[in-house]
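> What follows is a single structure, and I will ask about it in a moment.
The values are calculated or read from the model by the stated rules, or taken from the named source; none is laboratory data. What you are looking at is a predicted structure, and each value in this text was computed from that prediction instead of being measured. When we count neighbours, we look across all protein chains shown, and the Cβ atoms used for this are built from the backbone with ideal geometry, even at glycine.
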Amino acid sequence: MVRRLLSRLRPWFASLFAITVGLVFVLQSCAGPDAPSANEPSGDEFTERMAQEHQDDEPIATDAALQAPAVEVTSQTVEYATVEGQPVTGFFSQPAETEAPLPGIIAIHEWWGLNDNIKAMTERLAGEGYSVLAVDLYGGQVVDQPDQARQLMQGVMQNLQPAEDNLLQAYDYLVNEQQASAVGSIGWCFGGAWSLNTGLLLPQDLDAVVIYYGQLETDPAILAPLEMPIAGFFGGQDQGIPIAMVETFEAALTELGKSAEIHIYEEADHAFANPSGTRYNPEAAADAWEKTTAFFAEALRDE
């Protein structure tokens with residue numbers, strides 16, 4: 001573990017500024033466009049808009065969310081980190097029958113917290129042949145009201161270091177405790193922004209990044225250190241993550257020579273892959289899932 005931590009010192013310092021810059025926008029990841037001009041809403045207004053957009057959502061695991069994994073999996077609560085002196089637990093899942101160490105995936109929850117929807121998605125990913133750790137950035141708190149979710153997310157944003165430490169230790173857990181042969185990240189909305197920023201935290205170590213409608217960093221200088229392939233899934237009707245931002249992000253990665261595949265579903269809105277949300281789009285969600293599993297298979301298992 002010491003060797004791995006030492007090997008990350010250079011990427012860490014090179015990326016520290018990038019993380020700080022990139023994550024100031026996470027509060028907008030579920031509802032607001034990029035940095036507001038004089039005629040655009042402030043960050044607080046973006047947060048209010050997000051609360052309004054989610055006001056009819058019921059973040060509980062629906063039948064659509066509880067699709068059975070492709071193979072039988074085993075799941076458990078595990079302690080994977082210590083942040084600010086407190087133990088952090090997450091939801092860990094992997095195939096029930098496995099012999100060799102598997103590739104690992106860090107799964108990052110939406111603004112509701114580590115709820116049953118995310119746990120169900122974790123098990124579906126595990127069923128594809130991975131050791132999946134769903135992290136908890138909220139210290140065990142899970143909510144179902146937009147006002148509560150807004151407060152939790154703001155708490156994370158007011159002090160980024162604990163979340164960064166959390167994700168770095170999640171990576172170490174998969175590598176050192178589970179002997180993962182490769183590690184990728186995936187996140188939705190709030191978690192989508194953190195998935196990208198996990199790549200910025202570990203630009204030479206992380207092996208794949210998947211972003212579902214998360215706030216994007218578009219500055220080529222900040223994106224330059226990334227060495228892993230990236231996949232992104234966005235809704236064409238998403239007012240919070242506008243297509244112009246997505247296209248700028250894709251263009252920056254292309255100009256930098258990065259491996260990236262960006263998918264925009266023209267008729268889909270924000271959170272189109274969340275079965276418990278009012279904007280769930282089953283066709284777009286199914287296609288994105290198929291592309292996600294194919295992407296991870298190639299990036300993490302070289303299939």
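> Collect the residues in the range 228-252 that are polar (S, T, N, Q) and closer than 14 Å to TYR213 by Cβ, keeping them in residue-number order.
Taking the range 228-252 as the starting set, the residues that turn out to be polar (S, T, N, Q) are 237, 239, 248.
Within the range 228-252, GLN237, GLN239 meet the criteria.
> Could you please let me know if GLN215 is part of a loop (DSSP other than H, G, I, E, B), surrounded by 23 or more Cβ atoms within 10 Å (Cβ to Cβ) and either under 17 Å from the mean Cα position of the chain (by Cα) or in contact (Cβ under 8 Å) with a residue 40 or more places away in the chain (or both)?
yes
> Kindly indicate whether any position in the range 238-259 is in contact with an Asp or Glu (Cβ under 8 Å, 6 or more places away or on another chain), closer than 30 Å to PRO69 by Cα and modelled with pLDDT of 95 or more.
No - not one qualifying residue is present in the range 238-259.
> Out of all the residues in the range 257-272, which are more than 21 Å from ALA221 (Cβ to Cβ) and without any contact (Cβ under 8 Å) to a residue 40 or more places away in the chain?
GLU261, HIS263, ILE264, TYR265, GLU266, GLU267, ALA268, ASP269
> Next question, about the same structure. Can you tell me which residue among THR248, THR198, THR254 is without any contact (Cβ under 8 Å) to a residue 24 or more places away in the chain and part of a helix (DSSP H, G or I)? Outline the logic, then answer.
Details: THR248 fails: without any contact (Cβ under 8 Å) to a residue 24 or more places away in the chain; THR198 fails: without any contact (Cβ under 8 Å) to a residue 24 or more places away in the chain.
Answer to the selection: THR254.
> Would you confirm whether any residue within the range 168-185 is within 16 Å of the chain's Cα centre (by Cα), over 16 Å from VAL209 (Cα atoms), touching a residue at least 60 places away in the same chain (Cβ under 8 Å) and not in a loop (DSSP other than H, G, I, E, B)?
Yes: one or more hits.
> Separate question: Which of the residues belonging to the range 249-302 are of a type in the set (Asp, Glu) and under 20 Å from ILE106 (Cβ atoms)?
If the condition is that a residue be of a type in the set (Asp, Glu) and under 20 Å from ILE106 (Cβ atoms), then GLU261, GLU298, ASP302 are the ones that fit.
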